[in-house]
Amino acid sequence: MKKDVIIACDFPSKKDVMDFLNLFGQKKPFVKIGMELFYAEGPDIVRDIKEKGHKIFLDLKLHDIPNTVERAMRSLSLLDVDMVNLHTSGTVKMMQAALKGLTREDGTRPLLIGVTQLTSTNESELHEQLMINSSMDNTVMHYAKLAVTAGIDGVVCSPLEAEKVKNTCGKSFVTVTPGIRFKHSRQDDQSRITTPYQASKIGCDFIVVGRPITQSDDPVGVYRRCIEEFVYGKETQ
């Protein structure tokens, strides 16, 4: 699978995201549409961005009873996105239902990725608030193995866990990793992070980069820097 950088387009409106994407001219970066934009603009924002030629990761993190998730995925499959996700903690049965709903009549479907633990969650919160006694590492591996059992394509995890996920679940099992920051940059609300270059060396398949690009004075330049580090493995300063 070809590695790629996904830009998290966490904008409040269609105008904001379209103004941002127009900065890239003929380049068509892979983009993530999350809850903020999808809930504000509805399914049409997906169609509009797809019409511009972008690949889309629809990041809605579904988590509900299996029947509800299956029906929701059936609706999302009509949007022609390239990747969608759910929470692996919804159980194998829920993930299998999602897979069934996402698969179109012709057998095609987007990649289906399961969220293990959010990269904003740290070890202390895992134990004290979520009441999970295992380590973060063991918890992520457990959820990843559930995803394999369910037959979905991969997981969202922090880059710190991606290499072990690959070793545990197989090299073809997809890892999508947020929590990406450059050296000496702000950590924001992310707890488990690394640089694009380090993520490349670890073996991540996709990195998701939001604020370092979208809040930069030079979004296109920062995106190119991410490509240089992650796709081509060239460390920048």
Legend entry - Only Lys, Arg (+1) and Asp, Glu (-1) charged, at Cβ; the chain dipole about Cα centre in debye: 620 debye
Inset, instruction - List the pair-distance distribution P(r) of the stretch 90-153, using every Cα-Cα distance, as the percent of pairs falling in each 5 Å bin from 0 up to the bin containing the longest distance, rounded to whole percents. - result: 3, 17, 24, 18, 15, 11, 6, 4, 2, 0
Legend entry - Computed Rg/Rh of the stretch 1-54, alpha carbon atoms with Kirkwood Rh: 0.95
Legend entry - Ser13-Glu163 pseudo-label distance in nm [points 7 Å out on the Cα-to-Cβ vector]: 4.5 nm
Legend entry - Calculated FRET value between Lys171 and Lys27, using beta carbons and R₀ = 35 Å, to 0.05: 0.75
Legend entry - Radius of gyration and Dmax over the Cα atoms of the chain, both given in Å: 17.1, 49
Inset, instruction - Find, among the GluC sites (Glu not before Pro) in the stretch 97-160, those assigned to loop by DSSP (not H, G, I, E, B) with at most 10 other beta-carbon atoms within 10 angstrom. - result: Glu105
Legend entry - Candidate lysines for bridging to Lys15, where Cα separation is under 22 Å - those fewer than 8 sequence places away on the same chain excluded: Lys27, Lys28, Lys32, Lys50, Lys52, Lys55
Inset, instruction - Please give, to one decimal in nm, the separation of the simple spin-label points placed at Thr149 and Arg211, each 7 Å out from Cα toward the Cβ. - result: 3.6 nm
Inset, instruction - Beta carbons within 10 angstrom, averaged per residue: use that to sort the peptides 54-60, 89-95, 42-48, 227-233, highest first. - result: 54-60, 89-95, 227-233, 42-48
Legend entry - the chain: calculated mean residue ellipticity at 222 nm from DSSP helix runs of at least 4, using -39500 (n - 2.57): -11500 deg cm²/dmol
Legend entry - Förster radius 30 Å - calculated FRET efficiency between Glu36 and Val231, Cβ distance, rounded to 0.05: 0.65
Legend entry - Estimated distance in nm for a label pair at Ser135 and Arg74, the labels positioned 7 Å out from Cα along Cα-to-Cβ: 4.4 nm
Inset, instruction - Could you tell me what percent of the DSSP beta bridges with both partners in the stretch 4-231 are antiparallel, to the nearest 5? - result: 0 percent
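Read-outs throughout are calculated quantities, based only on the coordinates presented, and are distinct from any laboratory measurement. Since this is a predicted model, take the numbers as computed values, not measurements. Methodologically, a virtual Cβ is constructed for each residue, glycine included, from the backbone with ideal geometry; neighbour enumeration extends over all protein chains shown.
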